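S.K.: Would you mind keeping the following structure in view while I ask a few things?
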Amino acid sequence: MPERHNTRQRELILNALKECGTHITADELIDIIKTSDQKVGRATVYRHLKQLEIDGEIKKYTLGEKNCCCYQYIAPDSHCGEHYHLMCESCGKLEHIESDVIKSFAEKARQSYGFEIDEGKTVFYGLCRECKERKSNI
């Protein structure tokens with residue numbers, strides 16, 4: 001693995017992701033960094049996000065048809081790759097879900113087809129409770 005350079009910008013980006021504690025888009029991340037009176041260019045943010053993803057320090061999730069992505073800091077002792085995700089197609093909220101039924105499906109795929117499902121990248125799309133209720137009240 002190539003040597004990583006811990007630049008000031010990289011640390012700003014990583015710290016903002018850690019402090020956020022949830023899924024965040026690159027634009028939201030840039031806004032957070034701006035509020036700290038720090039200057040980091042958009043291209044620099046994207047370059048560091050890509051490298052942080054490669055290094056396994058963050059996870060990247062694609063937000064459905066919007067072709068937008070969000071990012072999540074992954075602590076070194078985290079087990080984020082060991083669960084699935086529910087993505088609201090309306091508001092973009094991303095929830096973690098543990099499910100024995102889905103794990104059983106993944107095991108069946110592994111045993112029967114030799115197919116290894118990447119649990120950390122598996123996202124089920126639909127509507128969250130709040131958006132579903134809002135939609136039914138229209």
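S.K.: Check I58: other-chain or 5+ apart residues with amide H under 5 Å from its amide H, H built from backbone geometry?
M.R.: Hits under the 5 Å cutoff: E53, I74.
S.K.: Can you send over the carbon and sulfur percentage of the accessible area for the chain, probe radius 1.4 Å, protein chains only?
M.R.: Answer for the chain is 50 percent, counting heavy atoms of protein chains only.
S.K.: Applying 1/(1 + (r/R0)^6) with R0 = 35 Å to the Cβ-Cβ distance of F105 and T7, what FRET efficiency is obtained, to the nearest 0.05?
M.R.: Efficiency, rounded to the nearest 0.05: 0.25.
S.K.: Counting only trypsin sites (Lys or Arg not before Pro) that sit in a DSSP loop (anything but H, G, I, E, B) with at most 13 other Cβ atoms within 10 Å, what is the longest stretch of the chain containing none of them?
M.R.: It runs 40-138.
S.K.: Which of K59/K121; K18/K39; K39/K60; K59/K132; K60/K108; K39/K93 have a Cα-Cα distance over 20 Å?
M.R.: Distance filter (> 20 Å) returns K39/K60; K59/K132; K60/K108; K39/K93.
S.K.: Nearest 0.05, what FRET efficiency do R42 and N15 give at R0 = 22 Å with Cβ-Cβ as r? Can you show the working numbers first?
M.R.: Working: r = 18 Å, r/R0 = 0.82.
Efficiency, from the Cβ-Cβ distance: 0.75.
S.K.: May I pose another question? Build a GNM of the chain with springs between Cα atoms under 10 Å: which of Q51, Q111, Q38 gets the top mean-square fluctuation?
M.R.: The residue that fluctuates most here is Q111.
S.K.: How big is the chain by the Kirkwood estimate over distinct Cα pairs, in Å?
M.R.: Every distinct Cα pair counted, the radius reaches 16.8 Å.
S.K.: Right, something else. Starting at the first residue of the range 106-113, write each ³J(HN,Hα) from the Karplus equation 6.51 cos²θ - 1.76 cosθ + 1.60 with θ = phi - 60°, in whole Hz, x for Gly and Pro.
M.R.: Residue by residue, the range 106-113 yields 4, 5, 4, 4, 5, 6, 7, 10 Hz.
S.K.: What are the GluC sites (Glu not before Pro) within the range 91-126 that DSSP puts in a loop, where the Cβ has at most 12 other Cβ atoms within 10 Å? Before the final figure, lay out each step's value.
M.R.: Working: sites: E95, E98, E107, E116, E119; in loops: E98, E116.
Listed in order of number, the matching sites are E98, E116.
S.K.: Right, another one. Calculate, for the chain, the solvent-accessible area per residue in square angstrom, rolling a 1.4 angstrom probe over the heavy atoms of the protein chains.
M.R.: Spelled out: the 1.4 Å probe surface of the chain, per residue, equals 68 Å².
The values are calculated or read from the model by the stated rules, or taken from the named source; none is laboratory data. Keep in mind that what you see is a predicted model, and the values were worked out from it rather than measured. Here the Cβ is made from the backbone with ideal geometry for all residues, glycine too, and neighbour counts use every protein chain on show. The area values use the complete protein model at the heavy-atom level, side chains included, leaving out ligands, DNA and RNA. Shrake-Rupley method; radii C 1.70, N 1.55, O 1.52, S 1.80 Å.
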